[in-house]
1. Would you calculate the volume per residue, in Å³, of the smallest convex hull containing every Cα atom of region 253-293?
2. Mean Kyte-Doolittle of at least -1.0 plus a Cα span of 27 Å or more along the axis: flag which DSSP H helices in the chain meet both, please.
3. Give me the percent of the accessible area of region 124-215 that comes from carbon and sulfur atoms, probe 1.4 Å, all protein chains in place.
4. With each pseudo-label sitting 7 Å past Cα toward Cβ, what's the Glu275-Asn68 distance in nm, one decimal?
5. Quick one: grab the alpha carbon gyration tensor of region 351-424, order the square roots of its eigenvalues as a ≥ b ≥ c, and give me rounded if a/c is under 1.5, else prolate or oblate depending on whether a/b is larger than b/c.
6. Would you kindly state how much longer the chain becomes between Asn167 and Lys117 on full extension, computed as 0.36 nm times their sequence separation minus their alpha carbon distance, in nm to one decimal?
7. Mind running the shape call on region 170-251? Use the C-alpha gyration tensor, a ≥ b ≥ c as the square roots of the eigenvalues: rounded below 1.5 for a/c, prolate if a/b tops b/c, oblate otherwise.
8. Would you give the gap between the C-alpha center of region 103-177 and the C-alpha center of region 305-380, rounded to a whole Å?
Amino acid sequence: MKHYRILFSLFLLSLMILVISCTTGNIKGIPTGNVIFIHPDGASVSHWGAMRLIEKGPDGMTNWDKMNAMGIYRSHITNSANASSNAGATVHAFGVKVGYSYYGIHPDKPFKSLSGKDYSIMIEAKNAGMSTALINTGHICEPGTGVFAANSRSRILTDTITVQILNSDIDILFSGGEQLLLPEGVTGFHGKPGIRQDSLNLIEMAKTLGYQVIYNRDQLLALPGTTDKVLGIFAAEHTFNAASEEELSEKGLPLYNKNAPSVDEMLTKSLEIFENKNKQFFMVIEVEGSDNFSNANNAEGAIAALGRADKAIGTCMEFIEKKPGTMLIVASDSNAGGLQVKNVKKSRMNSPLDAIDSNGAPIDGRKGLSTPPFIARPDKFGNTSCFSIVWASYSDVPFGIVARAHGLNADLMTNNVDNTDIYRLMYATLFGTYLE
């Protein structure tokens, strides 16, 4: 009995030490490993729910549903209840709340990251010898990835942002945005002229910096896993066409550019390269279409973008199953368009919907306004249902966002997740210390 009392006393002492360490300072000794952060921009719980209905049915399980941990995400920043894309990304990259206009560390209003550095967690990982990757389905300066490698007074100053991104020496850079890398008058691989005002040709600059440059899906899939540094520029602008269903139909444009790789294909090739490098890595991925399609009130596009994101999540989960020393984090920083699912009677399955709800909100069917409703996959009893998407706004709104974690250290994610906690979780897994 005395023996058990001693063991119990030691257990209580250890617990007290743990509690004290958790409440008075940084927590050290956390297992370290790889981090993959997927940022499906603009994706709320309603967005994920709509995608689930289409892909799996109401009783089905998406890859996102299967992740280990989750918490309600709080998106407020210093001067707004809702983060801008650039401010939200800055909080993720630096662990510090900032103002609405920030794109990384504002040159006129400098601050330090939560770890005390003058640069982002991505650059800190790079300096520590880790492999690094930034992947975006939008253009190269989209803030969800861009602020991890660049700082600016404004997100519109793309000439200076792109130079910083290339000079950051990130191993893998995959995105669209060829026009942002070429000077005016120079037509690129994707057939559109550059828009740079400084006369620099950043494609040529990238080659001098040691990057292999590729432009399409076929070149990506043929890329050797032994590649050291690669710049993939897969579109003149975004790899998708962010407009309403009606505008895309009028112009004869698809949701996604057919020659551009999917986010899952970019992820898969990056993992292959990193496996060959055989060292700790940090990867940040932004699925931009879920935000931009929602901001255009294109329900078909928003759902398709999240379906692509979910496939990438599944690839990450398979990788973690094979190599457990990896943390996957999935989090948005806003609810784009305030998407909501609204039931439609099955008797109207093939009938065009009203374009506007009784309160004035636009209603999307499967191909936009005044088209038949979406049809969900059957539930567990074989029943099908119909629904429409109702939009609250063209803008982003702050609530209804959930963060999720899977794999190594997923238990560090709590039920309530401040946007600064995304940085804390990534930092803890990369460097072994949870920063208070």
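1. On the way: hull volume 2.6 nm³, N = 41.
Taking the convex hull of the Cα positions in region 253-293, it is 64 Å³ per residue.
2. Values: long enough: 2-24 (33 Å, 1.47); 299-322 (35 Å, 0.30).
Going by DSSP H runs, the hits are 2-24, 299-322.
3. Details: 1720 of 3290 Å².
Carbon with sulfur: 52 percent of the solvent-accessible area.
4. Roughly 2.1 nm, to one decimal.
5. Numbers: a/c = 3.97, a/b = 1.71, b/c = 2.31.
Cα axes put region 351-424 in the oblate bin.
6. Working: separation 50, 0.36 × 50 = 18.00 nm, distance 1.83 nm.
Here the segment from Asn167 to Lys117 would lengthen by 16.2 nm.
7. Details: a/c = 2.70, a/b = 1.33, b/c = 2.03.
Note, shape of region 170-251 comes out oblate.
8. Cα centroid to Cα centroid, the span is 30 Å.
The values are calculated or read from the model by the stated rules, or taken from the named source; none is laboratory data. Because the structure is a prediction, the values reported are computed rather than measured. Heads up, the Cβs are rebuilt from the backbone with ideal geometry, glycines too, and the neighbour counts pull from every protein chain shown. SASA here: full protein model, heavy atoms, side chains in, ligands and nucleic acids out. Shrake-Rupley method; radii C 1.70, N 1.55, O 1.52, S 1.80 Å.
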